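The values are calculated or read from the model by the stated rules, or taken from the named source; none is laboratory data. Since the structure is predicted, the reported quantities are computational estimates derived from the model, not experimental observations. Heads up, the Cβs are rebuilt from the backbone with ideal geometry, glycines too, and the neighbour counts pull from every protein chain shown.
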């Protein structure tokens with residue numbers, strides 16, 4: 001029979017992990033943006049391990065980041081700044097012009113959010129890998145069609161903007 005205090009200790013540990021781990025992850029994500037090649041830095045860390053439950057929580061967060069990245073990537077293809085930092089699409093002038101009516105800096109906002117979502121995803125998956133856990137890859141579920149708007153990449157999607 002399980003002792004009730006064991007469950008209490010486990011939930012306190014999980015709560016502590018979420019509170020402290022996510023605060024550290026958030027701070028590290030900000031710092032990661034300052035590094036030129038962050039993927040190699042995170043890949044070097046391999047000490048320690050994650051509990052099965054902690055790894056599952058991080059994989060869930062990585063899956064959410066993949067979905068967010070897919071959404072923002074579609075916005076960026078049509079209305080964001082087109083550059084090598086966030087590749088894909090060439091911008092749709094009709095869409096971009098309409099966004100500029102709302103906010104003259106909307107293309108920069110979309111671009112920066114898209115870049116941030118890629119960074120979040122890359123960080124969480126790199127952390128999982130560094131701790132010996134499986135990273136998340138949802139590519140097998142990219143079955144939705146892309147927007148039919150001109151300049152949208154015609155690739156499989158996880159989310160639909162249409």
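Worth a mention:
- If the condition is being assigned to a helix (DSSP H, G or I), in contact (Cβ under 8 Å) with a residue 40 or more places away in the chain and under 15 Å from residue 149 (Cα atoms), then region 91-118 contributes only 95.
- Failed condition for residue 135, given (1) in a helix (DSSP H, G or I); (2) touching a helix residue (DSSP H, G or I) at 6+ places or on another chain (Cβ under 9 Å): (1)
- Residue ID - farthest from residue 67 (Cα to Cα), chosen from residues in region 93-147 that are in contact with a strand residue (DSSP E or B) (Cβ under 9 Å, 6 or more places away or on another chain) and either crowded, with 17+ Cβ neighbours inside 10 Å or modelled with pLDDT of 95 or more (or both): 147
- Remark: pairs (first residue in region 35-60, under 23 Å from residue 116 (Cα atoms); second residue assigned to a loop (DSSP other than H, G, I, E, B) and modelled with pLDDT under 55; Cβ separation under 9 Å; 6+ apart in sequence or on different chains) = 41/35.
- Region 41-73: number of residues that are part of a helix (DSSP H, G or I) and either more than 14 Å from residue 124 (Cα to Cα) or at pLDDT 50 or above (or both): 22
- Scanning region 67-90 for residues that are surrounded by fewer than 17 Cβ atoms within 10 Å (Cβ to Cβ) and touching a residue at least 40 places away in the same chain (Cβ under 8 Å), we see that the one that is farthest from residue 148 (Cα to Cα) is 67.
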